[in-house]
Amino acid sequence: MDVDKVYLAEPRGFCAGVEMAIKALAWMVNMFDPPVYCYHEIVHNQIVVDRFKDHGVIFVDDIDQVPLGSPIMLSAHGSAPEVVEMARKRGGAVVNAVCPLVTKVHHELKVRAQKGYTVIYVGHNGHEEAIGTMAVAPQAVRLVEYEEDVDSLGQLDGPLALLAQTTLSHDEWSGVVDKVKSTFGELWMPTRGDLCFATTNRQGALKAIAHLADTVVVIGSANSSNTVALGKVANGAGTKRVIRVNSSQELPEDIVGTVAVTAGASAPEELVEEVLKVLSPKHGIEVVRNTDEDEYFPPPRELRELIKSIEDQIFHAQDRDDLQAQPHLPPQLNLEKTRSLLGRPQVDDRQKSASDVLVELGTD
Ligand code: SF4
């Protein structure tokens, strides 16, 4: 490897939704005796998933695999309404870590379906976010993945609306929008589009540096939609070589010249650092900041309520036996571990990044 210089995209890596979900699962791990169950990968990144597995989290793709009474976290990609319902019926603590921006699309679909619209949803077939969203109103929704799919929609009934998976690439999205409009005419779309700020910002930051580089390195997993979208952005910018890696060991030996580096919204900063170390550019690393990003999502409502309820019961309990006899405490709660955590700032938890939380989990 003979790298002259690295341009490092900013913003890159963890978005506000991923930050929220990782910190929430870390709370669950720290409060409950293992195992904590998580429906689907909490985010699409192997390092993140493995770090939680090491702490007793069991990832499942079917809620029936969760024993009754066990704590459950639902992933950031959003879950079908019947999955949320089934999880609640298992009798343990349930925390839904769905990103608020995915919830926004669920809501748009629900409202349009109730108003009699047929909704064309642009998303990736089989992706968890698309599955969870379409399950909100399966009778009203039609999935399209590519421009060519629009032709096979045929005649559609009623007024039409157009929604999207949050993590598409802008080019993918605008191609389908043009095709849908030219086929069906004007249709309802949300005033604020569904492609999320993090997707937009990361793609914009990469576009600003991709043309400067001989090679673009995108860090993130193959099953991460926004990571794949970053690769498409780099290809669209005409970069000679685009490489996606999920660890520094996957970097090819023959990288030379100038390299642009970015990371998908579910890739931890420790991976970026590892990749930069291996690239080891002769003339240094230049961080190119394209946008300031300070979005923050607080912990999921169920987690805040759970912590508040535990705090109240600890406060009112006469002694340890009295506390353990409280009927409202969830099963599997580890009182000793939980006591030591309470009193930390729970709602305004901006001070600690999810990357730091992961590093701490790795050193436990
Ligand atoms: S990529 Fe966007 S929609 Fe997905 S978790 Fe992050 S902020 Fe939310």
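The values are calculated or read from the model by the stated rules, or taken from the named source; none is laboratory data. Since this is a predicted model, take the numbers as computed values, not measurements. Note that we place each Cβ from the backbone using ideal geometry, even for glycine, and neighbour counts take in every protein chain shown.
Within the range 76-112, the set of residues being away from the ligand (no atom under 14 Å from the Cβ), touching a strand residue (DSSP E or B) at 6+ places or on another chain (Cβ under 9 Å) and of a type outside the set (A, V, I, L, M) comprises 88, 90, 92, 112.
So that you can scan it fast, the table gives a plain yes or no per residue for (1) surrounded by 15 or more Cβ atoms within 10 Å (Cβ to Cβ); (2) modelled with pLDDT of 90 or more:
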residue: 193; (1), (2): yes, no
residue: 203; (1), (2): yes, yes
residue: 225; (1), (2): yes, no
residue: 242; (1), (2): yes, yes
residue: 250; (1), (2): no, yes
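Would you be able to say whether some residue in the range 182-199 is of a type outside the set (Ser, Thr, Tyr), more than 24 Å from residue 260 (Cβ to Cβ) and in a helix (DSSP H, G or I)?
Taking every residue of the range 182-199 in turn, at least one turns out to be of a type outside the set (Ser, Thr, Tyr), more than 24 Å from residue 260 (Cβ to Cβ) and in a helix (DSSP H, G or I).
Quick grid of which residues meet (1) touching a strand residue (DSSP E or B) at 6+ places or on another chain (Cβ under 6 Å); (2) under 27 Å from residue 264 (Cα atoms); (3) away from the ligand (no atom under 13 Å from the Cβ); (4) of a type in the set (Phe, Trp, Tyr):
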{"residue": "114", "(1), (2), (3), (4)": "no, no, yes, no"}
{"residue": "130", "(1), (2), (3), (4)": "no, yes, no, no"}
{"residue": "135", "(1), (2), (3), (4)": "no, yes, yes, no"}
{"residue": "145", "(1), (2), (3), (4)": "no, yes, yes, no"}
{"residue": "151", "(1), (2), (3), (4)": "no, no, yes, no"}
{"residue": "165", "(1), (2), (3), (4)": "no, yes, no, no"}
{"residue": "177", "(1), (2), (3), (4)": "no, yes, yes, no"}
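Among the strands (runs of 3 or more DSSP E) confined to the range 3-85, the ones with at least 2 residues that are at pLDDT 95 or above and surrounded by 24 or more Cβ atoms within 10 Å (Cβ to Cβ) are located at 36-39, 72-74.
Among residues of the range 265-280 that are hydroxyl-bearing (Ser, Thr, Tyr), those with a Cβ under 6 angstrom from a residue that is within 16 Å of the ligand (Cβ to nearest atom), sequence gap 6+ or separate chain, pair up as 266/18; 266/43; 266/44; 266/45; 266/224. Going residue by residue through the range 182-198, is there one that turns out to be within 16 Å of the ligand (Cβ to nearest atom), without any contact (Cβ under 8 Å) to a residue 60 or more places away in the chain and among the aliphatic types (A, V, I, L, M)? For the range 182-198, residues within 16 Å of the ligand (Cβ to nearest atom), without any contact (Cβ under 8 Å) to a residue 60 or more places away in the chain and among the aliphatic types (A, V, I, L, M): present. Scoring residue 244 on the criteria (1) under 22 Å from the mean Cα position of the chain (by Cα); (2) away from the ligand (no atom under 16 Å from the Cβ); (3) in contact (Cβ under 8 Å) with a residue 40 or more places away in the chain leaves a single failure, condition (3).
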